[in-house]
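Everything below concerns the one structure shown next.
The values are calculated or read from the model by the stated rules, or taken from the named source; none is laboratory data. Nothing here was measured: the structure is a model prediction, and the numbers come from that model. FYI the Cβ positions are ideal-geometry reconstructions off the backbone, even for glycines, and counts take in every protein chain you see.
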Amino acid sequence: MIKKILTLSSILVLASAAFTYADTITLVGPIATHDYQQTTNSPCVIGNPSCQNPAGFDVTTIQANPGSYNMVQSPTYTVSQIETIVGSNAFWVGIDLNQTNVPQTLDYFAMKVNGAVVDLFSTLTSVPSGNNGNGYADYLLETFKLAGYAGTDSVQFIMNMPLANDGAEQFFLIGAEPTPPPPATTPEPSSLLLFGTGLAAAAGLARRRMVSAIKGN
């Protein structure tokens, strides 16, 4: 009986060790403007045959009007490949949807590092197209992070769309816009006045002590 309990405990420990907490990814959009285009600087990881990727950066090609995309996996990259191409250890995934009538749905997009899901979007969402069929992002998935991983660690993306009823989609990488540092704190005039008053008081006290010491001698 003790042996069985120990075995069960070992299994639970191994299972908990294999579990990795995944950061939640936010879906932003629809984006009506032409701000993010799929170009050689924004390579597809999953997309239609029109994706323009630099040499050596592969893409999983998907077909038009499949009815649904079932857990489609990207090629496997390295952390250094991703960071080099986006210019940062943080990035977004742009989604260019190709459909004209019935909105499509997205319920899963994940980034795996060394086989474990680390960043995840998993909310069933209707995603109508805002810029149909022109290579611009209709939505952004924000923000994927690779800080702290070795350059040789493996990276893979997985996508699931329960409804996909028109042209093939593009999922492409976009370097995240940097967050500006907070402005330097400047003391308010009242604070400066108090600080100056304190210095003057301290100087006066020191002067009185010096005078008292001289008289005492």
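Tell me, which strands (runs of 3 or more DSSP E) wholly within segment 18-107 include 3 or more residues that are of a type in the set (V, I, T), modelled with pLDDT of 95 or more and touching a His at 6+ places or on another chain (Cβ under 9 Å)? Walk me through how you get there before you give the answer.
Working: elements: 26-28, 44-47, 67-73, 90-98, 104-106.
By residue number, no strands (runs of 3 or more DSSP E) qualify.
Can you name the strands (runs of 3 or more DSSP E) wholly within segment 110-174 that have at least 2 residues being surrounded by 15 or more Cβ atoms within 10 Å (Cβ to Cβ), within 19 Å of the chain's Cα centre (by Cα) and touching a residue at least 24 places away in the same chain (Cβ under 8 Å)?
On the way: elements: 116-121, 125-127, 139-145, 154-164.
Here the list reads 116-121, 139-145, 154-164.
What's the number of the only condition in (1) touching a residue at least 60 places away in the same chain (Cβ under 8 Å); (2) surrounded by 15 or more Cβ atoms within 10 Å (Cβ to Cβ) that H34 fails to meet?
(2)
Can you tell me which residue within segment 76-95, out of those that are touching an Asp or Glu at 6+ places or on another chain (Cβ under 7 Å) and crowded, with 18+ Cβ neighbours inside 10 Å, is farthest from P43 (Cα to Cα)?
Here the answer is V79.
Since V155 meets every condition but one in (1) under 18 Å from G67 (Cβ atoms); (2) in contact with a helix residue (DSSP H, G or I) (Cβ under 7 Å, 6 or more places away or on another chain), which condition does it not meet?
Here V155 clears every test but (1).
So for segment 154-165 (the condition being more than 23 Å from V102 (Cα to Cα), at pLDDT 70 or above and among the β-branched types (V, I, T)), does at least one residue qualify? Please lay out each step first, then the result.
Step one: filter segment 154-165 for residues more than 23 Å from V102 (Cα to Cα), giving 154-158.
Remaining after also requiring at pLDDT 70 or above: 154-158.
Cutting the leftovers down to among the β-branched types (V, I, T) gives us 155, 158.
Yes, the conditions are met somewhere in segment 154-165.
Every residue in segment 50-88 that is without any contact (Cβ under 8 Å) to a residue 60 or more places away in the chain and over 20 Å from I158 (Cβ atoms), please.
Those that are without any contact (Cβ under 8 Å) to a residue 60 or more places away in the chain and over 20 Å from I158 (Cβ atoms): Q52, P54, A55, G56, T84.
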